[in-house]
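Asker: Please read through the structure below; I'll follow up with questions.
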Amino acid sequence: MSEITARNKPVISKKIDKFFIGLANAFRFVKRFFQEVWFPPYEFKEILRQCYEIGYRSLPLISLTGFIVGIVFTNQSRPSLAEFGAASWLPALISIAIIRAMGPLVTALIAAGKVGSSIGAEIGSMKVTEQIDAMEVSAINPFKYLVITRTIATTLMIPVLVMYTDFVALIGSFINVNQNELVSLSTFFVQVFEAVSFLDVFSSLIKSLVFGFTIGIVGCYKGYNSSNGTEGVGKAANASVVMSMFLIFIEELLALQIVNAIRYA
Amino acid sequence: MHNEEISKVVEINGLKKSFDENHVLRGVDLDLYKSENLVVLGKSGSGKSVLIKLMVGLLKQDEGTIKILGKDTSNLTLKELNKLRLKIGFAFQASALYDSMTVRENLEFPLTRNIKNLTRKEINMKVEGLLDSVGLPKTINQMPAELSGGQKKRIGIARTLILEPEIMLYDEPTAGLDPTTCIDINNLINQVREEYNTASIVITHDLTCAKVTGDRMAVLIEGQFEAIGTFDEVFTNASDPKIKSFYDYNFIK
């Protein structure tokens, strides 16, 4: 699939033309993903390898961040609740905040930084060192081997990481609550599960799938279309992170509207 | 004439390619015959690499036709093009070895993706045999980052040979190598022709490489072939000042 390129004479202005051409190429890239993902060869081994790289290797950073978010958020929320004599509502408040928004958002933003940049840089470097061309001339579809595998892996692993972050953040929160309010583990989690509905968990998972897909496809797109040598690789990595984060916030906003519409329907 | 037509493995006519305002190829005609080593010479940016990238479908021509093994590449579907690509080996300038794979995996990758039902024993025999023939059997479990420039070139050539191509395309095979390694690579190019009976196009601006490996030379200047013939025909007593200056630069530098 050849890229759309700018005409010598711009239609509106060079910058605006470039924006729309970029948008069209990104759309074609996503369309190609959905066209090719269903058909063999299925690179299961590479998908598993990517799941390991994306999932397992992100665990230390995700654990630390989730834990700290749990502690800090609990600590910062306490004074406001205590003012109304509602400090006992802390587990409910924290669980709703973490499961509905903080967990998916924090995990996705960290993954966009860690995984998105790494995918952008890896594929970008393969592009500028002609490794992608080498696959094509060997009659191997690089899109299937590189893009589809990585995007599937991020789409599968981000929800798993989000569940893990939720759990670690709740543990962090519990430690803080336990120290201050002397609440036991079972009481804490009873309150947590009473506050959280099926819609909260389900919407959080669906949102995480979308975040994962975004991180994977953006990283791959930026890497796949990088140029200008090593400078291009750096730019691809950077653009992957910036674009992924931007899209994640937009998606979070949209998800909030959709879930609220369902909740209050 | 009839025999000549049969033995032609590549036939290029009126090939044109531009990048925006930069007209890289301005109507190139070229034939490659069976078992022949043809060297395409030219300065950097003269369109040598573009020419072979057009041949394997990495780029699309603006005008002209490329016939490889009797098939016009512009009329092929992706599936047909991929089938044809299996008969063409492309050795990249920077080797293009897959960084995340060992040497063994680099060689196995095109083989296992394109030839199904091979046993582990058959794969091992092929990989080890090829590494033996390029003189690097001990590198089998090494990563590309651990190899020298010359070793990478050899492994890159071995990887293209694993599918037993009928045509080899070498993009600047001696670029960036020391003189001794250049000699090794030149010998390897000749050895590949003898062992695999391939027809080859060697892209280079290195006249020593051209002289050692080439049966015929084709000099690409400003998007067109200025001279095609044997080394002596093209360079000895060259009257064209552009070709003369190219020759003088290479041997006086």
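The values are calculated or read from the model by the stated rules, or taken from the named source; none is laboratory data. Model, not experiment: these values are computed from the prediction. Here Cβ is always computed from backbone atoms with ideal geometry, including for glycine, and neighbour counts include all displayed protein chains.
Asker: Report, ordered by the first and then the second residue, all pairs with beta carbons closer than 8 Å, sequence separation of six or more or different chains, a first member in the range B:151-176 that is within 11 Å of another protein chain (Cβ to nearest Cβ) and in contact (Cβ under 8 Å) with a residue 24 or more places away in the chain, and a second member that is among the β-branched types (Val, Ile, Thr) and outside any loop (DSSP other than H, G, I, E, B).
Answerer: Once the first residue is within 11 Å of another protein chain (Cβ to nearest Cβ) and in contact (Cβ under 8 Å) with a residue 24 or more places away in the chain and sits in the range B:151-176, its partners that are among the β-branched types (Val, Ile, Thr) and outside any loop (DSSP other than H, G, I, E, B) give B:ILE162/B:VAL127; B:PRO165/B:ILE88; B:LEU169/B:ILE52; B:LEU169/B:ILE88; B:LEU169/B:ILE201; B:LEU169/B:ILE203; B:ASP171/B:ILE52; B:ASP171/B:ILE203.
Asker: Let me ask something else about it. With a cut-off of at least 3 residues that are touching a Lys or Arg at 6+ places or on another chain (Cβ under 9 Å) and under 14 Å from A:SER95 (Cα atoms), name the helices (runs of 4 or more DSSP H) lying wholly within the range A:115-199. Steps first, answer last, please.
Answerer: Values: elements: A:117-128, A:131-137, A:149-181, A:185-195.
Ranges flagged: A:149-181.
Asker: Being at pLDDT below 95, under 21 Å from A:GLN131 (Cβ atoms) and within 14 Å of chain A (Cβ to nearest Cβ) is the requirement here; does B:ASN106 meet it? Show your work before the answer.
Answerer: Details: at pLDDT below 95: no; under 21 Å from A:GLN131 (Cβ atoms): yes; within 14 Å of chain A (Cβ to nearest Cβ): yes.
No, not satisfied.
Asker: Filter the range A:36-48 for residues that are surrounded by 11 or more Cβ atoms within 10 Å (Cβ to Cβ) and in a helix (DSSP H, G or I) and give the result.
Answerer: A:GLU36, A:GLU46, A:ILE47, A:LEU48
Asker: Report yes if B:LEU84 is in contact with a strand residue (DSSP E or B) (Cβ under 8 Å, 6 or more places away or on another chain), surrounded by 15 or more Cβ atoms within 10 Å (Cβ to Cβ) and of a type outside the set (S, T, N, Q), otherwise no.
Answerer: Values: in contact with a strand residue (DSSP E or B) (Cβ under 8 Å, 6 or more places away or on another chain): yes; surrounded by 15 or more Cβ atoms within 10 Å (Cβ to Cβ): yes; of a type outside the set (S, T, N, Q): yes.
In short, yes.
Asker: Filter the range B:108-127 for residues that are under 13 Å from B:LEU161 (Cα atoms) and among the hydroxyl-bearing types (Ser, Thr, Tyr) and give the result.
Answerer: Hits for the range B:108-127: nothing passes.
Asker: Show the residue pairs that are 6+ apart or on different chains and have beta-carbon atoms under 6 Å apart, the first residue being within the range B:100-122 and under 18 Å from A:TYR145 (Cα atoms) and touching a residue at least 40 places away in the same chain (Cβ under 8 Å), the second being surrounded by 15 or more Cβ atoms within 10 Å (Cβ to Cβ) and among the basic types (Lys, Arg).
Answerer: Between residues of the range B:100-122 that are under 18 Å from A:TYR145 (Cα atoms) and touching a residue at least 40 places away in the same chain (Cβ under 8 Å) and residues that are surrounded by 15 or more Cβ atoms within 10 Å (Cβ to Cβ) and among the basic types (Lys, Arg), the close pairs are B:ASN106/B:ARG159; B:LEU107/B:ARG159.
Asker: Moving on. Condition first: away from chain B (no Cβ under 14 Å), touching a residue at least 24 places away in the same chain (Cβ under 8 Å) and basic (Lys, Arg). Can you find one or more residues in the range A:13-21 that meet it?
Answerer: There is no residue in the range A:13-21 that is away from chain B (no Cβ under 14 Å), touching a residue at least 24 places away in the same chain (Cβ under 8 Å) and basic (Lys, Arg).
Asker: Look at B:SER74 and say whether it is more than 22 Å from A:GLU130 (Cβ to Cβ), within 14 Å of chain A (Cβ to nearest Cβ) and small (Gly, Ala, Ser).
Answerer: Working: more than 22 Å from A:GLU130 (Cβ to Cβ): yes; within 14 Å of chain A (Cβ to nearest Cβ): yes; small (Gly, Ala, Ser): yes.
Taking the combined requirement at face value, the residue satisfies it.
Rundown of residues vs (1) within 11 Å of B:ILE201 (Cβ to Cβ); (2) in contact (Cβ under 8 Å) with a residue 24 or more places away in the chain, yes/no style:
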| residue | (1), (2) |
| --- | --- |
| B:LYS16 | no, yes |
| B:GLY27 | no, yes |
| B:LEU38 | yes, yes |
| B:LYS43 | no, yes |
| B:VAL50 | no, yes |
| B:LYS53 | no, no |
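Asker: Also, quick follow-up: Would you call A:VAL147 under 30 Å from A:GLU43 (Cβ atoms), among the hydrophobic types (A, V, I, L, M, F, W, C) and either in the same structural domain as A:ALA24 (by TED's automatic domain parsing) or modelled with pLDDT of 95 or more (or both)? Before the answer, list the steps.
Answerer: Numbers: under 30 Å from A:GLU43 (Cβ atoms): yes; among the hydrophobic types (A, V, I, L, M, F, W, C): yes; either in the same structural domain as A:ALA24 (by TED's automatic domain parsing) or modelled with pLDDT of 95 or more (or both): yes.
The answer is yes for A:VAL147.
Asker: I'd like the full set of residues that are within 18 Å of A:PRO104 (Cβ to Cβ) and without any contact (Cβ under 8 Å) to a residue 40 or more places away in the chain, limited to the range A:215-239.
Answerer: None - no residue of the range A:215-239 is within 18 Å of A:PRO104 (Cβ to Cβ) and without any contact (Cβ under 8 Å) to a residue 40 or more places away in the chain, so the list stays empty.
Asker: In addition: Specify the residue that is nearest to the other protein chains (Cβ to nearest Cβ); the eligible residues are those in the range B:109-135 that are within 20 Å of B:ASP171 (Cβ to Cβ) and of a type in the set (A, V, I, L, M). Steps first, answer last, please.
Answerer: First, pick out the residues of the range B:109-135 that are within 20 Å of B:ASP171 (Cβ to Cβ): B:109-110, B:130, B:134.
Filter once more, keeping what is of a type in the set (A, V, I, L, M): B:130, B:134.
Working: B:LEU130: 14, B:VAL134: 17 Å.
So, considering only residues that are within 20 Å of B:ASP171 (Cβ to Cβ) and of a type in the set (A, V, I, L, M), the one nearest to the other protein chains (Cβ to nearest Cβ) is B:LEU130.
Asker: Here is a further query. Suppose we filter A:VAL162, A:VAL147, A:VAL183, A:VAL210 for residues that are farther than 30 Å from A:GLY229 by Cα, in contact (Cβ under 8 Å) with a residue 60 or more places away in the chain and away from every other protein chain (no Cβ under 14 Å); which single one remains? Even if it seems obvious, please write down each step before you answer.
Answerer: Working: A:VAL162 fails: in contact (Cβ under 8 Å) with a residue 60 or more places away in the chain; A:VAL147 fails: farther than 30 Å from A:GLY229 by Cα; A:VAL210 fails: in contact (Cβ under 8 Å) with a residue 60 or more places away in the chain.
Being farther than 30 Å from A:GLY229 by Cα, in contact (Cβ under 8 Å) with a residue 60 or more places away in the chain and away from every other protein chain (no Cβ under 14 Å) holds for just one of A:VAL162, A:VAL147, A:VAL183, A:VAL210, which is A:VAL183.
Asker: Condition first: among the polar types (S, T, N, Q), surrounded by fewer than 22 Cβ atoms within 10 Å (Cβ to Cβ) and either assigned to a helix (DSSP H, G or I) or modelled with pLDDT under 90 (or both). Now tell me which residues in the range A:219-244 satisfy that. Break it down into steps so the answer makes sense when it comes.
Answerer: Step one: of the range A:219-244, the residues among the polar types (S, T, N, Q) are A:225-228, A:230, A:238, A:240, A:244.
Then drop every residue that is not surrounded by fewer than 22 Cβ atoms within 10 Å (Cβ to Cβ), which leaves A:225, A:227-228, A:230, A:238.
If the condition is that a residue be among the polar types (S, T, N, Q), surrounded by fewer than 22 Cβ atoms within 10 Å (Cβ to Cβ) and either assigned to a helix (DSSP H, G or I) or modelled with pLDDT under 90 (or both), then A:SER227, A:ASN228, A:THR230, A:ASN238 are the ones that fit.
Asker: Checking the conditions here, which among B:SER18, B:SER49 is small (Gly, Ala, Ser), buried (at least 19 other Cβ atoms within 10 Å of the Cβ) and more than 9 Å from chain A (Cβ to nearest Cβ)? Write out each step before concluding.
Answerer: Working: B:SER18 fails: buried (at least 19 other Cβ atoms within 10 Å of the Cβ).
Only one candidate passes the filter, namely B:SER49.
Asker: Moving on to the next point. Which numbered condition in (1) within 18 Å of A:GLU43 (Cβ to Cβ); (2) more than 18 Å from the chain's Cα centre (by Cα) is the only one that B:LYS126 fails?
Answerer: For B:LYS126, the exception is condition (1).
Asker: Taking the range A:119-142 as the search range and keeping residues that are more than 10 Å from chain B (Cβ to nearest Cβ) and buried (at least 20 other Cβ atoms within 10 Å of the Cβ), which one is farthest from A:LEU64 (Cα to Cα)?
Answerer: A:LYS127
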